[in-house]
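Encoded as structure tokens, the structure appears first; notes follow it.
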Amino acid sequence: MGSILLISQTALELGFQYALVAMALFLSYRILDIADLTTDGSFVLGAAVSVTVTAAGHPVLAIPAAMLAGVCAGFVTAFLQTRMGVPSILAGIITNTGLYTVNLMAMGWKSSASLMKKETVFTLAKGLFPGVPFWGQWYELILSAAITLLAGALLYLFLGTRLGLSIRATGDNRDMVRASSVNPTFTITVGLCLANALTALSGGVVGQYQRTVDMGSGTGIVVIGLACLIIGETVVGRRGMGRGVIAVVVGSIIYRFIYAIVFYTKVVPVDCLKLLTAAVVALAIAAPTIKAGAGLQKRKLAAGRKGGR
């Protein structure tokens, strides 16, 4: 029973932490309609900056530093796309490739870095309420949930502002936005910078939570984030910005519980989970096309039967 509770608690903690990546993809993929492949590199960048600054003795400062690094990565991707005429997918790939060297530099030209015997935001939070009975066991979950829920609330409020509405309109129809005297270059840049800041925030929190970071920690993050986004939208729905923000959190928690169940029961080998995740994402994205094709075949069969009669 104790192991099940520990696995559930860890799944909740990681669910809240990785929900920030799904939130970033909700902004870039759903709202801006841009496939931003900078996500993998931005996640490692945020973790690398967070771990390095924390190792220097500034765990709280490490969080905004990681977000600032993510903003810079998003700006480079937006610059390549809007100013240099590079297609969005290629712009993300180019930035992601360059971030490999930047991430190595951030970790002192090492492939990994750790925080053994160093203070983190989680160890600092543990000492805030020593007299509260449940705090010593649940402080990591409470802090992870607080960071994610605060980021989600701020994103929801931002999307309701004039600039946020302009970003939403840019994803719907850039020509209409341009005709309304709004510069789509600016809105795309702001949107991608904000999305990569959320991704880097996730990396920064996960880096301090796990007390380590390595160059391979961001592999497949964009697929996992899309899986969380699609699962959440299937459960909660897609109508409305508030529902979209809630969906990414719910989807991330569900995905982490699925991961925990697979890990605990060994129904599917853990090494095959990312392959399964990729297949689920591919099927979910292709679902409208599959549904339309099935409907067309059904109509053809119905027309054939009528012709035979």
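Keeping to the range 159-208, report how many residues are open to solvent by 40 Å² or more (accessible area, probe 1.4 Å) and within 25 Å of T148 (Cβ to Cβ).
Residues flagged as open to solvent by 40 Å² or more (accessible area, probe 1.4 Å) and within 25 Å of T148 (Cβ to Cβ) within the range 159-208 amount to 6.
Looking at the structure I just gave you, is Y264 surrounded by fewer than 19 Cβ atoms within 10 Å (Cβ to Cβ) and of a type in the set (F, W, Y)?
Against the criterion (surrounded by fewer than 19 Cβ atoms within 10 Å (Cβ to Cβ) and of a type in the set (F, W, Y)), Y264 qualifies.
Could you grab me the full set of residues in the range 54-88 that are aliphatic (A, V, I, L, M) and more than 22 Å from the chain's Cα centre (by Cα)?
A55, A56, M84, V86 - these are the residues of the range 54-88 that are aliphatic (A, V, I, L, M) and more than 22 Å from the chain's Cα centre (by Cα).
Any residue that is within 22 Å of R83 (Cβ to Cβ) and without any contact (Cβ under 8 Å) to a residue 40 or more places away in the chain - is there at least one of those in the range 117-130?
no
Search the range 256-280 for residues that are closer than 21 Å to V21 by Cβ and pair each with any residue that is open to solvent by 70 Å² or more (accessible area, probe 1.4 Å) when their beta-carbon atoms are under 6 Å apart and the residues are at least 6 apart or on different chains.
Within 6 Å, the pairs are V270/F263.
Filter the range 281-309 for residues that are touching a residue at least 24 places away in the same chain (Cβ under 8 Å) and either touching a strand residue (DSSP E or B) at 6+ places or on another chain (Cβ under 7 Å) or among the β-branched types (V, I, T) (or both) and give the result.
V281, I285
Count, please, the residues in the range 258-283 that happen to be within 17 Å of the chain's Cα centre (by Cα) and under 18 Å from S3 (Cα atoms).
Residues that pass the stated criteria total 1.
What number of residues within the range 87-100 are among the polar types (S, T, N, Q) and within 13 Å of V49 (Cα to Cα)?
0
Within the range 22-39, how many residues turn out to be surrounded by 24 or more Cβ atoms within 10 Å (Cβ to Cβ), in a helix (DSSP H, G or I) and not aliphatic (A, V, I, L, M)?
Residues in the range 22-39 being surrounded by 24 or more Cβ atoms within 10 Å (Cβ to Cβ), in a helix (DSSP H, G or I) and not aliphatic (A, V, I, L, M): 3 in total.
Suppose we filter the range 40-67 for residues that are closer than 21 Å to E119 by Cβ and open to solvent by 20 Å² or more (accessible area, probe 1.4 Å); how many remain? Walk me through it before giving the result.
In the first step, residues of the range 40-67 are kept if they are closer than 21 Å to E119 by Cβ; the result is 46-67.
Among the residues that remain, those that are also open to solvent by 20 Å² or more (accessible area, probe 1.4 Å) are: 49, 52-53, 55-58, 60-61, 63-65, 67.
Counting residues in the range 40-67 that are closer than 21 Å to E119 by Cβ and open to solvent by 20 Å² or more (accessible area, probe 1.4 Å) gives 13.
Are any residues in the range 108-135 more than 19 Å from A56 (Cβ to Cβ) and open to solvent by 80 Å² or more (accessible area, probe 1.4 Å), and if so, which ones?
Passing the criteria: K126, L128, F129, P130, P133, F134.
Just to be sure, is T212 modelled with pLDDT of 90 or more and under 14 Å from the mean Cα position of the chain (by Cα)?
Numbers: modelled with pLDDT of 90 or more: yes; under 14 Å from the mean Cα position of the chain (by Cα): no.
So T212 does not fit the description; no.
The values are calculated or read from the model by the stated rules, or taken from the named source; none is laboratory data. What you see is a predicted model, and the numbers here were worked out from it, not measured in a lab. A quick note on method: Cβ atoms are made from the backbone with ideal geometry, for glycine too, and the neighbour counts reach across all protein chains shown. These accessible areas exclude ligands, DNA and RNA; they are computed on the full protein's heavy atoms, side chains included. Shrake-Rupley method; radii C 1.70, N 1.55, O 1.52, S 1.80 Å.
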